[in-house]
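Have a look at this one before I ask anything.
The values are calculated or read from the model by the stated rules, or taken from the named source; none is laboratory data. Because the structure is predicted, anything quoted here is derived from the model rather than measured. Heads up, the Cβs are rebuilt from the backbone with ideal geometry, glycines too, and the neighbour counts pull from every protein chain shown. Accessible surface is based on the protein model in full, side chains and every heavy atom, while ligands, DNA and RNA are left aside. Shrake-Rupley method; radii C 1.70, N 1.55, O 1.52, S 1.80 Å.
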Amino acid sequence: MTKKQKHTLYRIVISAVLFVVCTVLKHSGVMGSAEIFVPYLFLVPYLIVGFPVLKKAVINISHGQVFDENFLMCLATIGALCIGEFAEAVFVMLFYQIGDLFESIAVGKSRGSISQLMDICPEYVNIERDGKIEQIDPEEASVGDIIVIKPGEKVPLDARIIEGTSSLNTTALTGESLPLDVAVGDSVINGCININGLLKAEVTKEYSDSTMSKILELVENSAENKAPTENFITKFARYYTPIVVIAAVVLAFVPPFVIGGELTDWVMRALNFLVVSCPCALVISVPLSYFSGIGCASRNGILIKGSNFLESMAKAKTVVFDKTGTLTKGSFFVTEIYPVGMDEDQLIEITALAESYSNHPISLSIRNACKGNIDTSRIEKAEEISGHGVKAVIDGKTVCAGNERMMKEAGCEYEKFGGVGTIIHTSVDEKYAGYIVISDRVKDDSAEAIASLKANGITNTVILSGDKEAAAKKIADEIGIDTVYAELLPGDKVSRLEDIIKEGEGSTVFVGDGINDAPSLTRADVGIAMGALGSDAAIEAADIVLMDDKPSKISVVLKIARKTHSIVQQNIVFALTVKILVLVLSALGMSNMWEAVFADVGVSVIAILNSMRAQRL
C-alpha cells in the first residue's frame, strides 16, 4: 500500500469511528439539553474524510473542469448538510472514499504486473577496459565495448557472446520458465538474468536502441491507444455529468411548484439522484479492465500496444499466418543436392558464397552445409533481389541463386522439381549449375495452436507463403490450416490479405515473424509479431508482440482479449441497469440516500472487483 493510500485509509478509519460515536450520541439521549448540537458533530468526520474531495473539486473548478465525480459528491453531500441530513452526508462521503481507495489499490495491482518489466532494467554494466573491470551506467556504454556478465546479474545490454557458456532466465520477457542455454556466438538481450556461467560479450546496440528500451517505450505508450468502448465511455461521461446536474436542479425545484409537495422532499430526491448518477463505475472499471488484460498478457510474455488492439483481437474470426519462422522452425537444412556440370561440393560452395551476405534462414542452411571455409574475398559484388534470390560476382563470374523467377530473370534454362521442399536453383554465367532442396520443420506446438484457435471461435485459418504450393500445402495438412495461398511475392501477400479482410467476418489477424512481414502486419486489423526476443524491428511493426516463437501463445492472446471484452460488457450492463433503476426510484421518491450510495459506490466496487478478474487467464 502506498503512502497516499495509507493516509486515505487512516482518514476513513478515523471518520468511521467518529461517525459511529456521533450516531450513538444522537440516539442514546445521554447529551441531555446539549442534544441539539449533536447533528453538528457529524461535521467533524465529514471534514476529515471529505477534505481531499472538497479540495479536488475546488481545484478542478478553478481550472474550468466543473462537472466531474468530485463536484457531484460535494454538491450532493453539501446539499444534504443544508437540509439537515448530517448522517447521510457523512455516510455518502465515507463510502465514496472507500470506493476511491479500492480503485487506487486495484489500479496499483494492475500496474504492478506491467511495472515488473521496469524492474528488469540493469542499474550498471561491468565493462572491461585495459584488462580491468569497472562499473558504468548502461547508457554510457558504446557498441563494440566488451562487457562481463557475472552469475546472478542481469544482462545489461544487447550483446553477442565472445567467451563462456551459461543459461539465461528469460521469464520476465517471455513468460517461459525453462532457461535458455547460450554459448559463444549467440546473441543475448538486456533484461535476461544470467544464471550460472561467467560471460564476456561484445555490445551490439546502445542502450537507447536496445530491445528492452523498445519494450519499455511500448509499455509506457500502451495507455494512449484506447479501445472504441473506452473512448465512448470517456465522451459519455463528459456530456452525461452536466446533463445529470441540470436534471437534478429541475427535479428539486420544478415539481414542488407544478405538482406540489414539500420542497425539502424534492431536494432530497434530487440529492439522491446526484449520488446515484456519478459515472465512477464506468469511468473506472472499463479502463481498468483493459489495463488488467494488458498486464495479464505482459506476465505471459505478450506485449499489447493498446486496449484498441485487445478489443479488435476479441472480435477476431480469421487468423492469417506467414509460414516460415511462424508455423515452422525456420531452421532449414539441406536434404538433397542435384548438380549439373559440377560435383555436389562445388554446387554447395558456389551457392554458399552467393548467399554469404544474406541472413535469411535458407541462406544460413546452405552455408552450414558447405564443408569448407567460405572465403568471402572471392566475392566482388553481391545483391539480394526481394522475392527472387541473390545475384553475386564470384571469381569474375556472375552467379545467381534463388527460385524459378530468378532463373527466368537470368535467362537460364532450369530443371523442374516435383517433390516437397524449398528449391534453390543456381546458375553461373547464365549456365544452369543445378539445384539444392531445403526442408523446414513444423514447430512442436503449431498443430496444437491451430486446434486451440478453432476451439476458441476462429472460423478461418490461412497460410500466405512465398514457398512452393506443394510445400505450403504439406504444412497446412499437417497442422490443420484451412486455406493456403503459395508462391506469393511480398507485395502479393498484402493484396491477398486485403481480399481476405474484405471477404471475412469480424477482425482479421496476421501473424508473422518480423520486419519481412511488416506490410502485412500493418495492413491487418491486428498484426502479431512472433519470436521478437532480440528483434526490435518486429516490436515496431506489430500491434501485439510475442516475445517467444510459440504459435500457441496466439490462443493465449485470444483468451485474454475475449475475457477482458466480456468483463467490460458485463460492467457496462450491470452499472447502467442498477443506476437507471435507482435513478427512477430516486425521482419517484422510492429510494433513500443509503440505496443511492450503494448504486454509486457499491456498484463501483463490484465493477472494480470484476475488472480485476482480467488479471488472470
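Between V107, V44, V92, which is in a helix (DSSP H, G or I), of a type in the set (V, I, T) and modelled with pLDDT of 85 or more?
Values: V107 fails: modelled with pLDDT of 85 or more; V92 fails: modelled with pLDDT of 85 or more.
Selected residue: V44, the only one of V107, V44, V92 that is in a helix (DSSP H, G or I), of a type in the set (V, I, T) and modelled with pLDDT of 85 or more.
Listed residues V584, V597; which is within 30 Å of F253 (Cα to Cα), hydrophobic (A, V, I, L, M, F, W, C) and buried (at least 20 other Cβ atoms within 10 Å of the Cβ)?
On the way: V584 fails: buried (at least 20 other Cβ atoms within 10 Å of the Cβ).
Step by step, each of V584, V597 is checked, and only V597 is within 30 Å of F253 (Cα to Cα), hydrophobic (A, V, I, L, M, F, W, C) and buried (at least 20 other Cβ atoms within 10 Å of the Cβ).
Name the single residue, out of those in the range 471-491 being free of Cβ contacts under 8 Å to residues at least 60 places away in the same chain and open to solvent by 50 Å² or more (accessible area, probe 1.4 Å), that is nearest to S439 (Cα to Cα).
Top of the filtered list is K474.
Limited to the range 173-191, what total is found for residues that are surrounded by 17 or more Cβ atoms within 10 Å (Cβ to Cβ), at pLDDT 80 or above and either among the hydroxyl-bearing types (S, T, Y) or more than 23 Å from P138 (Cβ to Cβ) (or both)?
Summing the residues that are surrounded by 17 or more Cβ atoms within 10 Å (Cβ to Cβ), at pLDDT 80 or above and either among the hydroxyl-bearing types (S, T, Y) or more than 23 Å from P138 (Cβ to Cβ) (or both) in the range 173-191 gives 0.
So, one more: Among (1) closer than 23 Å to E336 by Cβ; (2) modelled with pLDDT of 85 or more; (3) surrounded by fewer than 21 Cβ atoms within 10 Å (Cβ to Cβ); (4) not acidic (D, E), which single condition is K416 missing?
Of (1) closer than 23 Å to E336 by Cβ; (2) modelled with pLDDT of 85 or more; (3) surrounded by fewer than 21 Cβ atoms within 10 Å (Cβ to Cβ); (4) not acidic (D, E), only one is false for K416: (2).
Out of (1) surrounded by fewer than 21 Cβ atoms within 10 Å (Cβ to Cβ); (2) farther than 30 Å from G295 by Cα; (3) at pLDDT 80 or above, the odd one out for Y239 is which?
Every condition holds for Y239 apart from (3).
Also: Any residue that is over 23 Å from A87 (Cβ atoms), hydrophobic (A, V, I, L, M, F, W, C) and modelled with pLDDT under 90 - is there at least one of those in the range 590-601? Steps first, please.
Filtering the range 590-601 down to residues over 23 Å from A87 (Cβ atoms) leaves none.
Checked the range 590-601: no residue is over 23 Å from A87 (Cβ atoms), hydrophobic (A, V, I, L, M, F, W, C) and modelled with pLDDT under 90.
For the range 311-344: of the residues being among the hydrophobic types (A, V, I, L, M, F, W, C) and modelled with pLDDT under 85, which is surrounded by the fewest Cβ atoms within 10 Å (Cβ to Cβ)?
F333
Looking at the range 56-70 only, could you name the residues that are closer than 16 Å to D100 by Cβ and either touching a residue at least 40 places away in the same chain (Cβ under 8 Å) or not in a helix (DSSP H, G or I) (or both)?
D68, E69
Now, a different point. Under 16 Å from V428 (Cβ atoms) and at pLDDT below 90: is that true of G389 in this structure?
Considered against the rule, which asks whether it is under 16 Å from V428 (Cβ atoms) and at pLDDT below 90, G389 comes out as yes.
Sticking with this structure for a sec: If I ask for residues that are modelled with pLDDT of 90 or more and in contact with a Leu (Cβ under 7 Å, 6 or more places away or on another chain), which ones from the range 505-519 would you list?
Within the range 505-519, just F510 meets the criteria.
As an exercise: evaluate N308 against (1) of a type outside the set (A, V, I, L, M, F, W, C); (2) modelled with pLDDT of 85 or more; (3) not in a helix (DSSP H, G or I) and give the number of the one condition it does not meet.
The number of the failed condition is (3).
Across the range 434-469, what is the total count of residues that are in a strand (DSSP E or B), out of contact with any helix residue (DSSP H, G or I) (no Cβ under 7 Å at 6 or more places or on another chain) and not hydroxyl-bearing (S, T, Y)?
Residues meeting the conditions: 2.
Still on this structure: Might you let me know whether the range 561-580 holds any residue that is assigned to a helix (DSSP H, G or I), without any contact (Cβ under 8 Å) to a residue 12 or more places away in the chain and within 30 Å of V267 (Cβ to Cβ)?
Checking the range 561-580: at least one residue is assigned to a helix (DSSP H, G or I), without any contact (Cβ under 8 Å) to a residue 12 or more places away in the chain and within 30 Å of V267 (Cβ to Cβ).
Show me the strands (runs of 3 or more DSSP E) entirely contained within the range 345-403 in which 2 or more residues are crowded, with 18+ Cβ neighbours inside 10 Å.
Once the strands (runs of 3 or more DSSP E) in the range 345-403 are filtered for at least 2 residues that are crowded, with 18+ Cβ neighbours inside 10 Å, what remains is 389-394, 397-402.
Let me ask something additional. Please specify each residue of the range 520-554 satisfying the condition of being at pLDDT 90 or above, part of a helix (DSSP H, G or I) and open to solvent by 10 Å² or more (accessible area, probe 1.4 Å).
Within the range 520-554, K553 is the sole residue that qualifies.
One line per residue, one yes/no per condition, for (1) at pLDDT 85 or above; (2) of a type outside the set (V, I, T); (3) within 31 Å of the chain's Cα centre (by Cα):
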{"residue": "D395", "(1), (2), (3)": "yes, yes, no"}
{"residue": "I436", "(1), (2), (3)": "yes, no, no"}
{"residue": "D440", "(1), (2), (3)": "no, yes, yes"}
{"residue": "A472", "(1), (2), (3)": "yes, yes, yes"}
{"residue": "L488", "(1), (2), (3)": "no, yes, yes"}
